[in-house]
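Colleague: My structure is below; once you've seen it, I'll send some questions.
The values are calculated or read from the model by the stated rules, or taken from the named source; none is laboratory data. From a predicted model like this one, the values you see are computed outputs, not experimental measurements. Here the Cβ positions follow ideal geometry from the backbone for every residue, glycine too, while neighbour counts run over all protein chains shown. Keep in mind that these areas ignore ligands, DNA and RNA; they rest on the heavy atoms of the full protein, side chains included. Shrake-Rupley method; radii C 1.70, N 1.55, O 1.52, S 1.80 Å.
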Amino acid sequence: MGFRSFRFIACFFVLMLSTAAFAAGPHERTQVGHSITIRADEEVSEATCFGCSIHVRGHVAGDITSFGGSIVIEENGEVGGDATSFGGDVRLDKGVKVSGDVVVFGGRLRRDPAASVGGDVTSMGGGPAWLFLIFGLPLLVLGAIIALIVWLVRRLLRPAIPAAA
């Protein structure tokens, strides 16, 4: 791996690990690698987490989304929109109210009978196998295509070796 590749990867990780990355508004929470906790006395507009979990004790006016982490909505927590988890579990405790849909992809749904969901509940368990089929396999195919193109370009640009007389 060359120095340029190393610089690119290092810059990518520094960007992804910033604590307040991508937050669009003052009441919006977006984190990468650091879990989000919404206290009982808090209200936020939306919460999004990459590689971390979301714990809701208060009120989220919009959607909550977690990629590679779990969503826990504790007793009397409220979500005005959808709760979506890719590659993590969702737990809905007693007295929870989710006005929209609850979607769990690649994880488990644990729902108390006293939890209220206004929309549809969709759970596609199966753990990492689904995530690999949906995200990993296409990336492997793309990587193989790129490697083939690089190999072909190098072969075509290779200088011709004169035949020995």
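Colleague: In what order, largest first, do 34, 59, 27 sit by accessible area if the probe radius is 1.4 Å?
Modeller: On the way: 34 85, 59 50, 27 115 Å².
From most accessible down to least: 27, 34, 59.
Colleague: With a point put 7 Å past each Cα toward its Cβ, work out how far residue 112 is from residue 61 in nm, to one decimal.
Modeller: 2.6 nm
Colleague: In Å², and per residue, what accessible area does region 30-101 have when probed at 1.4 Å with the other protein chains present?
Modeller: Details: 2780 Å² over 72 residues.
Using a 1.4 Å probe on heavy atoms only, each residue of region 30-101 averages 39 Å².
Colleague: Would you pull out the residues with amide H under 5 Å of residue 106's amide H, same chain only if 5 or more places away, H placed 1.01 Å from N?
Modeller: For residue 106, whose amide H was placed from the backbone, the distant partners under 5 Å are 87, 124, 125, 127.
Colleague: Whole Å is fine, so just give me how far the alpha carbon centre of region 143-165 lies from that of region 86-129.
Modeller: First find each Cα centre; the distance between them is then 51 Å.
Colleague: I would also like to ask the following. Roughly how many nanometres apart are two label points built 7 Å out from the Cα toward the Cβ at residue 101 and residue 149?
Modeller: 3.3 nm
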